[in-house]
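**Student:** My questions all concern the structure below.
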Amino acid sequence: MMRSKFLSLLIRAPSVCRSMSTATKLTTIDVNDKTGIATLTLNRSPINALNVELLQDLNESIKEIEDNKSRGLILTSSNDKVFSAGLDLNEMYRPDKDRARLLWIKLQDVWLALYSCDLPTAAAINGYAPAGGCLLATVCEYRVMLPKCRIGFNETQLGIVPPIFCMFNFLNVLPRRVAERSLSQGQMFTTEQALQIGLVDDVVSSKGEALDKCTKFIDTFAKVNPLARSLAKQQFRAADLQRFQTERAKDLESFLAFINHPQMQEGLGIYLNSLKKKQQLNAV
Ligand SMILES: CCCCCCCC/C=C\C=C\CC(=O)SCCNC(=O)CCNC(=O)[C@H](O)C(C)(C)COP(=O)(O)OP(=O)(O)OC[C@H]1O[C@@H](n2cnc3c(N)ncnc32)[C@H](O)[C@@H]1OP(=O)(O)O
């Protein structure tokens, strides 16, 4: 098992594969022939809210990209305003018990797949990225964002405790003090603020430019031995991954207990309604 992983890393070469897409089309994969880099696009209309199916699709696509020995993975969205609106609140409001359990397990799987991904990963954040959207962006090793967007973990603003993997992501990206404050205050940052604190690495004016920047980032590894690169990344992340595995089951039970709490349900109902009301107001 270990040997085949080593071999696959040693013989990794630019992919000749053109494009792969998952059957459901909630995500699409395009592999650039020249660079061998795979672009994984979130494609769940209207706002890439992460439901069970999208998370399942994402997991399959990440695996497909790894198995096809792409040189890197770029995560982006087909929506030109929203990268991802985070977890689908409809999965948590008056939840179906089995689906809610599955939702969290799939979210944990996606986080794990990206956090421990052998490939270099980058996020072209071409729109809003609250909560779960921020999770997907910050689990990557590099981020570039478009102007006039917002990103952050707003969970505490909604009365939700951010799970430990949000903390791991932020501690990888931000100084500890900034990470703790922004997570505990549920801060949402404008693109400009995100750049200033280092939450994103660069700001560009179009999605095309964002994809180019991500490609350039992945290209910085071109002359580095892929096995050495991958193992160095795993070494940095090993303690987080170990803690995640230890707490995974407890984290799932905490989530289920949390969303099934009557006060949480009431809050979720009000919040969902306010999001819908916003649209009604816009239409007036
Ligand atoms: C100690 C350990 C304890 C562990 C406990 C763990 C507990 C953790 C529990 C939960 C964790 C949750 C993490 C999350 O990800 S929660 C989701 C947070 N997301 C948000 O708050 C985003 C809210 N949405 C927005 O801000 C905007 O919609 C935006 C993404 C900026 C897009 O704006 P716009 O383009 O203007 O689109 P609309 O606002 O008009 O939205 C279009 C329709 O989509 C509906 N909507 C929006 N967001 C969501 C969502 N996240 N889920 C489901 N539906 C959503 C919105 O109501 C509109 O619907 P409709 O067309 O019917 O009016």
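Read the figures in this text as sums done on the coordinates, not as results from a lab. In this text the structure is predicted, and so the values were computed from the model without any measurement. Neighbour counts are summed over all protein chains in view; Cβ atoms, including those assigned to glycine, are modelled from backbone coordinates with ideal geometry.
**Student:** Taking into account only those residues within segment 80-95 that are more than 15 Å from the chain's Cα centre (by Cα) and under 22 Å from D212 (Cβ atoms), which is farthest from the ligand (Cβ to nearest atom)? Can you show your working first?
**Tutor:** So the first thing to find is which residues in segment 80-95 are more than 15 Å from the chain's Cα centre (by Cα), and the list is 80-81, 89-95.
Within this subset, residues satisfying the condition of being under 22 Å from D212 (Cβ atoms) are 80-81.
Working: D80: 10, K81: 5 Å.
Ranking the candidates gives D80 first.
**Student:** If only one of F236, F221 is over 17 Å from the mean Cα position of the chain (by Cα), of a type outside the set (G, A, S), farther than 26 Å from D80 by Cα and not in a helix (DSSP H, G or I), which one is it? Step through it out loud before you land on a result.
**Tutor:** On the way: F236 fails: not in a helix (DSSP H, G or I).
Of the residues listed, the single one that is over 17 Å from the mean Cα position of the chain (by Cα), of a type outside the set (G, A, S), farther than 26 Å from D80 by Cα and not in a helix (DSSP H, G or I) is F221.
**Student:** In this structure, is K207 closer than 22 Å to I164 by Cβ and in contact with an Asp or Glu (Cβ under 8 Å, 6 or more places away or on another chain)?
**Tutor:** Numbers: closer than 22 Å to I164 by Cβ: no; in contact with an Asp or Glu (Cβ under 8 Å, 6 or more places away or on another chain): yes.
Considered against the rule, which asks whether it is closer than 22 Å to I164 by Cβ and in contact with an Asp or Glu (Cβ under 8 Å, 6 or more places away or on another chain), K207 comes out as no.
**Student:** Residue by residue through segment 226-262, note down the ones that are within 13 Å of the ligand (Cβ to nearest atom) and of a type outside the set (D, E, K, R).
**Tutor:** Looking only at segment 226-262, we keep the residues that are within 13 Å of the ligand (Cβ to nearest atom), and these are 243-244, 247-261.
Answer for segment 226-262, where residues must be within 13 Å of the ligand (Cβ to nearest atom) and of a type outside the set (D, E, K, R): F244, A249, L252, S254, F255, L256, A257, F258, I259, N260, H261.
**Student:** Select from segment 129-148 the residues that are of a type outside the set (G, A, S), surrounded by 23 or more Cβ atoms within 10 Å (Cβ to Cβ) and within 16 Å of the ligand (Cβ to nearest atom) and list them in ascending order.
**Tutor:** Passing the criteria: P130, C134, L135, L136, T138, V139, M145.
**Student:** When the residues of segment 176-191 are narrowed to those that are small (G, A, S) and part of a helix (DSSP H, G or I), which ends up nearest to the ligand (Cβ to nearest atom)? First the steps, then the outcome.
**Tutor:** Filtering segment 176-191 for residues small (G, A, S) gives 179, 182, 184, 186.
Applying the additional criterion that residues be part of a helix (DSSP H, G or I) yields 179, 182, 184.
Working: A179: 16, S182: 15, S184: 13 Å.
Applying the filter and picking the extreme gives S184.
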